[in-house]
Every structure is written in structure tokens, then in C-alpha cells.
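This report refers to the structure that appears directly beneath it.
The values are calculated or read from the model by the stated rules, or taken from the named source; none is laboratory data. Only a predicted model underlies this, so the values are computations on that prediction, with no experimental measurement involved. A quick note on method: Cβ atoms are made from the backbone with ideal geometry, for glycine too, and the neighbour counts reach across all protein chains shown. These accessible areas exclude ligands, DNA and RNA; they are computed on the full protein's heavy atoms, side chains included. Shrake-Rupley method; radii C 1.70, N 1.55, O 1.52, S 1.80 Å.
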Amino acid sequence: MNCLTKRIIPCLDVKDGLVVKGVNFKNLTAIADPVELAKKYSDNGADELVFLDISATNEKRKTILELVEKVAKVVFIPFTVGGGISQIDDIRAILSMGADKVSLNSSIVKNPSIISQVANYFGSQCIVAALDVKKIDNDYYIFINAGKVNTGLKALDWAKQVESLGAGEILLTSMDTDGVQQGFDIELNKLISNAVNIPVIASGGAGADSNHFIELFKKTNVDAALAASIFHYNTLPVDKLKNDLLQANLSIR
């Protein structure tokens with residue numbers, strides 16, 4: 001699906017109540033308070049926010065609902081929450097705290113019927129299927145449990161399946177480019193965005209160069225780009241990036 005207006009989405013990876021950042025899903029460093037960062041991004045023109053409680057699944061712990069509520073109170077843009085979400089009650093609780101969407105990853109691989117249940121109950125627009133993908137022997141595979149477990153599922157097959165089950169959007173993370181800041185995985189994003197008719201959010205690899213985003217939007221059909229480090233460290237502020245995209249004749253929100 002190729003949406004005319006492209007979205008820019010900062011991502012808050014949260015562990016133990018603080019925003020953290022790593023490289024290739026490893027070596028996490030705590031860098032900021034999520035509520036302060038969320039407010040800054042909302043004020044600076046971000047189109048949406050994604051909040052991922054990245055240790056929730058592995059530690060069998062639920063997303064920090066209090067934090068979700070605090071963030072929801074300071075932002076005025078759509079807000080997606082993921083991490084440790086495995087059942088309808090979790091989703092109801094998160095949405096009731098002010099989130100607009102939930103992102104599901106490990107839980108839907110283990111039980112794909114959750115997608116249809118959520119879509120039927122809350123609407124497809126509420127469910128973002130998160131795909132953590134790594135290239136192995138010239139093919140792309142789905143990983144779960146914060147990138148620790150190779151499911152053996154091919155990314156292309158799984159993307160089509162989550163769409164058919166009712167997911168409203170795909171959050172596509174390249175584990176190979178995550179945190180490296182050398183640009184998005186164009187091949188992967190092209191493959192998946194050409195294969196489905198729901199919006200695809202590209203994640204993993206954005207550096208402090210607006211051309212990484214310009215190349216992504218011009219060479220693939222993704223609808224949005226997600227990044228973390230470059231926004232957190234202010235090496236490429238959201239408002240500057242959006243101005244650069246306009247200069248490149250890209251339509252943005």
C-alpha cells in the first residue's frame with residue numbers, strides 16, 4: 001500500500017521505566033524519561049509515537065500501565081503500545097489508559113487467532129503486527145522474544161498472513177540494520193510493502209541523514225518511518241527531518 005502522505009514516528013523503547021537504546025537488539029543503555037521525550041516529540045511535529053516495553057515478554061511482565069497513562073496525558077498524536085501483550089484483557093487495559101493502538105509480536109506468532117479476535121473486538125485499526133526480521137541465507141525470517149528466537153517463519157509469508165487475519169498495520173523492523181544508523185533495509189521494506197495492502201512502518205537503520213528517509217520513501221511503498229536514536233539524541237530533530245522531506249517533494253502529514 002502506498003499512502004500519499006508519509007508519517008514520521010519516534011519510538012520509545014522502554015526498560016524498567018526508562019527509554020533505552022541498543023545496537024542489533026543488544027547492549028541497551030538507559031538514556032531518558034519516556035514521558036518527557038513523548039511530550040517533546042508530540043510538540044515537535046511527530047505524526048505518531050510507538051512505546052515498546054521491550055523486556056516485558058522475556059520477563060513475563062505486563063506493560064507498565066501507569067507509564068502508558070502518563071504518556072497518553074502529554075501527547076496529542078496517535079500512540080501505539082507494545083510489549084508483553086498476550087490477551088484481550090491486556091489490550092483493553094492499554095486502550096483504556098489512552099493508547100490508540102497495540103503492537104503485537106511474540107504473542108501473535110504463538111497464537112495467530114489473537115489478531116482476528118482483536119480486529120473483531122476493537123477494530124483492525126487498533127492492531128499493529130510487529131515483525132522483527134533477520135536475513136539468513138538470502139531469505140528473511142521472523143524472530144520473537146525480543147529477537148532471541150528464530151521462528152523459522154518466512155517474513156513474506158507471515159506478513160501476508162497477518163494481513164489476512166485482520167491486522168491494520170505492520171511495524172517492520174530489520175534486526176540487521178537496527179541501531180546501526182546506516183540507512184533502512186530497502187530490499188526488505190520493498191519486499192513487504194509490495195506484498196500487502198495495509199500500511200507498513202519501516203524500522204531499523206535510520207541515521208542522522210535525511211536522505212535515509214528520502215531513499216526509503218522514494219524506493220519503497222512504506223507509509224511511515226520509525227526511528228529512535230537520531231531523535232533521542234537530537235542528531236536529526238523531527239521538525240528538521242520533515243522540512244527536508246518537503247524539500248525532496250515528499251508529501252508528509
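Residue by residue through segment 214-228, note down the ones that are over 15 Å from the mean Cα position of the chain (by Cα) and surrounded by 21 or more Cβ atoms within 10 Å (Cβ to Cβ). It would help to see each step written out before you state the result.
Step one: filter segment 214-228 for residues over 15 Å from the mean Cα position of the chain (by Cα), giving 214-221.
Those that are over 15 Å from the mean Cα position of the chain (by Cα) and surrounded by 21 or more Cβ atoms within 10 Å (Cβ to Cβ): L216, F217, T220.
May I ask you to list the residues in segment 111-139 that are β-branched (V, I, T) and either open to solvent by 50 Å² or more (accessible area, probe 1.4 Å) or out of contact with any Asp or Glu (no Cβ under 9 Å at 6 or more places or on another chain) (or both)?
Residues satisfying the conditions are I114, I115, V118, I136.
Restricting attention to segment 154-167, which residues are outside any helix (DSSP H, G or I) and either open to solvent by 20 Å² or more (accessible area, probe 1.4 Å) or modelled with pLDDT under 95 (or both)?
Within segment 154-167, the first condition is being outside any helix (DSSP H, G or I), and the residues that meet it are 154, 166-167.
The answer is K154, and nothing else.
I'd like to know if segment 195-209 contains one or more residues that are open to solvent by 30 Å² or more (accessible area, probe 1.4 Å) and more than 23 Å from I108 (Cα to Cα).
Yes, there is a match, as at least one residue in segment 195-209 is open to solvent by 30 Å² or more (accessible area, probe 1.4 Å) and more than 23 Å from I108 (Cα to Cα).
Kindly establish whether V14 is at pLDDT below 90, under 20 Å from A208 (Cα atoms) and not in a helix (DSSP H, G or I). Show your work before the answer.
Values: at pLDDT below 90: yes; under 20 Å from A208 (Cα atoms): no; not in a helix (DSSP H, G or I): yes.
Answer is no for this residue.
Evaluate the following for I186: is it in contact with a Lys or Arg (Cβ under 8 Å, 6 or more places away or on another chain) and open to solvent by 20 Å² or more (accessible area, probe 1.4 Å)?
In short, yes.
For the subset of segment 229-246 comprising residues that are under 18 Å from the mean Cα position of the chain (by Cα) and under 14 Å from G179 (Cα atoms), which member is surrounded by the most Cβ atoms within 10 Å (Cβ to Cβ)?
Looking at the filtered set, the residue picked out is F231.
What is the residue count in segment 201-253 for residues that are touching a residue at least 40 places away in the same chain (Cβ under 8 Å) and charged (D, E, K, R)?
Selection size over segment 201-253: 4.
Please find, within segment 168-181, the residue that is most open to solvent (accessible area, probe 1.4 Å) out of those that are within 29 Å of D209 (Cα to Cα), touching a helix residue (DSSP H, G or I) at 6+ places or on another chain (Cβ under 9 Å) and modelled with pLDDT of 90 or more. It would help to see each step written out before you state the result.
Residues of segment 168-181 within 29 Å of D209 (Cα to Cα): 169-181.
Those still in the list that are touching a helix residue (DSSP H, G or I) at 6+ places or on another chain (Cβ under 9 Å) too: 169-170, 172, 174, 176-177, 179, 181.
Retained after the next criterion (residues that are modelled with pLDDT of 90 or more): 169-170, 172, 174, 176.
Values: E169: 12, I170: 0, L172: 1, S174: 2, D176: 60 Å².
Going through the qualifying residues, I end up with D176.
Hey, any hits in segment 86-101 for a residue that's among the small types (G, A, S), in contact with a Leu (Cβ under 9 Å, 6 or more places away or on another chain), buried (at least 20 other Cβ atoms within 10 Å of the Cβ) and within 22 Å of P199 (Cβ to Cβ)?
No.
Has segment 114-133 got at least one residue that is over 28 Å from I77 (Cα atoms) and either in contact (Cβ under 8 Å) with a residue 40 or more places away in the chain or of a type in the set (G, A, S) (or both)? Show your work before the answer.
Let us first name the residues in segment 114-133 that are over 28 Å from I77 (Cα atoms), namely none.
Looking through segment 114-133, none of the residues is over 28 Å from I77 (Cα atoms) and either in contact (Cβ under 8 Å) with a residue 40 or more places away in the chain or of a type in the set (G, A, S) (or both).
If you go through segment 55-64 one residue at a time, do you hit one that is surrounded by fewer than 21 Cβ atoms within 10 Å (Cβ to Cβ) and at pLDDT 90 or above?
No.
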